[in-house]
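Structure, as structure tokens:
The values are calculated or read from the model by the stated rules, or taken from the named source; none is laboratory data. Just so you know, these numbers come straight off a predicted model, no measurement behind them. All Cβ positions, even for glycine, are placed from backbone atoms using ideal geometry, and neighbour counts span all protein chains on display.
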Amino acid sequence: MKKFWTTCRTHFALIVVGTVFLWSCVAIALYRAAESPPGAIVLRIGHWQLEASVREALEQMAEEYRKIHPNVHIVQDAIPEMVYGQWTTTQLLGGTAPDILQVGLGQLPYHLWVQYYNRYCVPLTAHVNDPNPYNEGTGLEGVPLRSTFKDGMRSSYIEEMQEYVSIPLSQFGVRVFYNRDLLKRLTGLDEAPTEYRAFLAACEEIKKHTNERGQPYIPIAGSRYHLPMWEDMLFNPLTYGIKRLADFNRDGFVGNDELFVAIKTGRIDFQHPSIRLRFRMLREITDHFQEGYTGLTRDEAVFLFAQERAVFMSTGTWDARSLQEQAEDRFEVGVMDFPRPTRDDPVYGDVMEGPQYERVMGGFPFAIIRTSEHHGQALDFLLFLAGQEQNEELNRIIGWIPSVVGTELDPLLSAFEPHLEGVYGNFQINLGGETWVRWLQLYTLYQVNQISYDDMVATFEPFYKERGMTDLAEQQKDWRRAMHNNEQFLAGFRAEALLSKGDEALSNWIRYRTLTTSRQIWPEINRARQVRLLEKGPDLDAVGPYEYSPAVVDRVKERLKREMAGS
Amino acid sequence: MIISENRRPRVSFFMFLVLGLLLVFGCAEPQMEGTPEEVLERAWKYYALGEFNAAIGEFTLLKEAVLPDDPFYAQALYGLGTTWNLRRPRNDPDTAREYYLAVLEHRPGGELAAYSLLALARMKHLVPVGQDPDYDEVRDAYRRVVDQFPDHPAGHEAFIYLQSTHVATLDPDHARKAIHALRDFMARYPDTGFISAAWSLKAIAYDTLGDPDNKLTAEIMAFKTEEVDPQNPFHDNAWRYWSIAVVAEFDAGDFETARTYYRRLIEEYPTDIRKYSATQALERMDEKEAHLRAHIAAQDKGGAP
């Protein structure tokens, strides 16, 4: 006995580890058995949404699904976002991935996702033109699946594969959330002002007040996570007008190469109203953020808002439900659009041409994994979640916007209705390399008001003009690398076309030719045009890209003369 | 276990036998699983999934399982050539070239010979990152494909690549040469799958020559002759509409055509990012025309010029 206790003492740590291990094995085995009774079909669904409402919603929808398919059990693998990329990679490579997987997390580069889609996901193209059976009896009965989504399943289509690979279950957007009660108490306003000047005035008023502890109220809770939302939705649209001077290829956008050429050749500079005012607005708005916001994380800003220290905070639909829950019984959460200046604003009126354009893109996308033993059942469950009524219910529970057309959404989220017509930013300063590093350094100083706009420009502009060409040339090397990659997958397409017959062959050859033209022919020509633009610059005597040349004016005039004479 | 002295030779014999059998079966050539069609399909599947070693394994099995005069032999050679050419990392251009040449030797007039010759031309065109192709050599290589397979899709593809090398110079002489060649090609092969690409190349060549009317016509024809995949419902023409409209508005001064295509963009793609710009364009043209009409009317009345 003594020997036994001696052994136990000596190997105590080992025994503890062993016991815990055994216990966990038994616990997992019992848990799995409870999840999947013998003979049942178990569908595992992997995602990175740890919000309680998402797990609860999927759980409830699984219950609903089981009423129709009693033998199907859904098991969730909710994985923290921070490790989701590694987890996905490991599971896919190891052949142990769930049957249904949330895809597209930005943590993994896009080209890697394309490889994963190609290798591990079941293409859904064959199903996108079929009606969703779960839409029977609704307004979407008989409508092709892809047309039942607000984004037409555009986000699910992987051009590199020419296939649809996922089904989007929600839609996302970004707006400004605010504490209605606090706003009323501090400013007397019932609704948050969506006009820029009135918004700034409200912020000024908020700043004058302190709470019962003597702490000043913060108008806007900000952080390095939140700033890009203000940049995208409010500041960058001011640079839309650059297009008229620098969109040399008239594709509707100003590329980083075009902006560089325009600045280098003096067609525009950093004092152009669109650019200067973009930075002025940043200063005016961020002056109402809490001090040192660039060093703070998302959670710290959310904490300020939840603790009723701040009135406004920008965030997305994904936070709507949790903010509501945090505010419950304490204050009412409101949602407003970003406060835009009007066209008669004395400062911004000339450059603020409209609201920020927002692309309707489905999110919360799920793909079916090839290793699944139940492809059909997995697809059926996804179609169930994409049914009009079910999608509305799923998103109602989560607090997100449904991805399916004709669905109703939470009144709180009505402010998230996207702006389908509007302007967009054209200030693409990123050339990579040293110019980008220098820009980030200076821009960070500007954000925290340690450097003026003029000082920032005086330091950056000469460096950008001098070094930009080198950095751009380095960045453009990727062009030829992409051609090699394209050639590789095109050879696969060609082989598929050669081996197929009938309609399938016709379709495959069209895909092959379309991709050959778009991926291997135009890039070389576009590249030649870009090189010419960089080397020779634009014709400075010529009119701007969106101005009429004298020859065009003469043509139009001649036609009008003929028309007027005829009438 | 203790083995008696007299049993040792028998044990040794059996051990040698087992080892010998293991050696024989271990070193035996792997057998091809399935029909040649199945193996070929599997090999290309591996290729598409980036499993290049497995693809080479399957292509090699196929090559060794069929006779050289069997069509699958050339298929295997072509597959090996393609995989060694395009696999990354560890591509081997020399080995790839040998396989492509072997296809040309075994089936000189066949479909795969056409694609092998095209692949050899592409190898000259797609040089490593940081290098520039020798365009004279590249053009000669494409010409060989066109000359040997003028009616084959691979020949048409080579022709389009060949003309693209001229058009991409943005040089008026090359542009004229390309327009001439493309015109002949389109007359000879009006139903080729590359007809839309040919029109697009012509549009760029006319742009180089500063000929806006022909450029606009070519842009419109490129759109009208574009192939639509019956199995792929997703076909986004928004950029084409935009492209035609801006050429019509700013290069050709053809406001009616511009209006047509701006409106098509707005109506058919109401969520497209360029919708706002297209709406602005319609207003801009109306304003310009109103201004010019007033100007003309004033001139007619003998007013301000």
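Odds and ends about this structure:
- The range A:38-53, residues that are more than 39 Å from the chain's Cα centre (by Cα) and either at pLDDT 90 or above or on the phi < 0 side of the Ramachandran plot (or both): A:PRO38
- Residues in the range A:184-224 that are among the hydrophobic types (A, V, I, L, M, F, W, C) and part of a strand (DSSP E or B): A:ILE218, A:ILE220, A:ALA221.
- Counting only residues that are within 14 Å of chain A (Cβ to nearest Cβ) and touching a Ser or Thr at 6+ places or on another chain (Cβ under 9 Å), the range B:162-189 holds 8 of them.
- Test: residue in the range A:478-490 that is closer than 30 Å to A:GLN271 by Cβ, touching a residue at least 12 places away in the same chain (Cβ under 8 Å) and out of contact with any Gly (no Cβ under 8 Å at 6 or more places or on another chain): no
- B:PHE149 meets each of the listed conditions (1) within 14 Å of chain A (Cβ to nearest Cβ); (2) under 25 Å from B:LEU104 (Cβ atoms) apart from (1).
- All positions within the range A:480-491 that are closer than 17 Å to B:GLU111 by Cβ and within 7 Å of chain B (Cβ to nearest Cβ): A:ALA491
- Considered as a group, the residues in the range A:106-123 that are in a loop (DSSP other than H, G, I, E, B) and touching a residue at least 24 places away in the same chain (Cβ under 8 Å) include one that is nearest to the other protein chains (Cβ to nearest Cβ), and that residue is A:PRO123.
- Of the helices (runs of 4 or more DSSP H) entirely within the range B:1-76, those holding at least 2 residues that are of a type in the set (A, V, I, L, M), more than 30 Å from B:PRO108 (Cα to Cα) and modelled with pLDDT under 95 occupy B:8-27.
- Of all residues in the range B:40-84, those satisfying the criterion of being within 14 Å of chain A (Cβ to nearest Cβ), among the hydrophobic types (A, V, I, L, M, F, W, C) and more than 27 Å from A:VAL114 (Cβ to Cβ) are B:LEU62, B:PHE72, B:ALA74, B:ALA76, B:LEU77.
- Of all residues in the range B:182-235 being surrounded by 15 or more Cβ atoms within 10 Å (Cβ to Cβ) and among the basic types (Lys, Arg), the one that is farthest from B:ARG143 (Cα to Cα): B:LYS215
- Of the residues making up the range A:549-558, one or more are facing chain B (nearest Cβ under 9 Å), under 22 Å from A:VAL254 (Cα atoms) and either part of a loop (DSSP other than H, G, I, E, B) or in contact with an Asp or Glu (Cβ under 8 Å, 6 or more places away or on another chain) (or both).
- Qualifying residue in the range A:425-443 (condition: surrounded by 15 or more Cβ atoms within 10 Å (Cβ to Cβ), more than 10 Å from every other protein chain (Cβ to nearest Cβ) and more than 30 Å from the chain's Cα centre (by Cα)): no
- Checking A:GLN530 against (1) more than 30 Å from the chain's Cα centre (by Cα); (2) in a helix (DSSP H, G or I); (3) more than 10 Å from every other protein chain (Cβ to nearest Cβ), the condition it does not meet: (1)
- Verdict on B:GLU111 being touching a residue at least 40 places away in the same chain (Cβ under 8 Å) and among the acidic types (Asp, Glu): yes
- For the range A:358-382, filtered to residues that are within 14 Å of chain B (Cβ to nearest Cβ) and farther than 30 Å from A:GLY39 by Cβ, the residue that is surrounded by the fewest Cβ atoms within 10 Å (Cβ to Cβ) is A:ARG359.
- Selection of the range B:214-245 for residues being modelled with pLDDT of 95 or more and either touching a Pro at 6+ places or on another chain (Cβ under 6 Å) or assigned to a loop (DSSP other than H, G, I, E, B) (or both) yields only B:THR225.
- The residue list A:VAL128, A:VAL143, A:VAL165 contains one member that is surrounded by fewer than 20 Cβ atoms within 10 Å (Cβ to Cβ) and not small (Gly, Ala, Ser), which is A:VAL143.
- Residue match in the range A:58-78 (condition: within 15 Å of A:PRO98 (Cβ to Cβ), surrounded by 15 or more Cβ atoms within 10 Å (Cβ to Cβ), among the acidic types (Asp, Glu) and touching a strand residue (DSSP E or B) at 6+ places or on another chain (Cβ under 8 Å)): yes
Okay, residues lined up against (1) surrounded by 15 or more Cβ atoms within 10 Å (Cβ to Cβ); (2) more than 10 Å from every other protein chain (Cβ to nearest Cβ):
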residue	(1), (2)
A:VAL457	yes, yes
A:GLU466	no, yes
A:GLU474	no, yes
A:ASP478	no, no
A:ALA497	yes, no
A:LEU506	yes, no
A:ILE510	yes, no
A:SER518	no, no
A:TRP522	yes, no
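- Within the range A:55-66, at least one residue is assigned to a helix (DSSP H, G or I) and basic (Lys, Arg).
- Residue in the range A:190-205 that is under 24 Å from A:GLN307 (Cα atoms), in contact (Cβ under 8 Å) with a residue 24 or more places away in the chain and in contact with a Phe, Trp or Tyr (Cβ under 7 Å, 6 or more places away or on another chain) present: yes
- Taken over the range A:524-546, the criterion of being farther than 30 Å from A:HIS484 by Cβ and surrounded by 13 or more Cβ atoms within 10 Å (Cβ to Cβ) is satisfied by A:GLY537, A:PRO538, A:VAL543, A:GLY544, A:PRO545, A:TYR546.
- Taken over the range B:251-261, the criterion of being more than 10 Å from chain A (Cβ to nearest Cβ) and either surrounded by fewer than 20 Cβ atoms within 10 Å (Cβ to Cβ) or under 19 Å from A:TYR240 (Cα atoms) (or both) is satisfied by B:THR257, B:ARG259, B:THR260.
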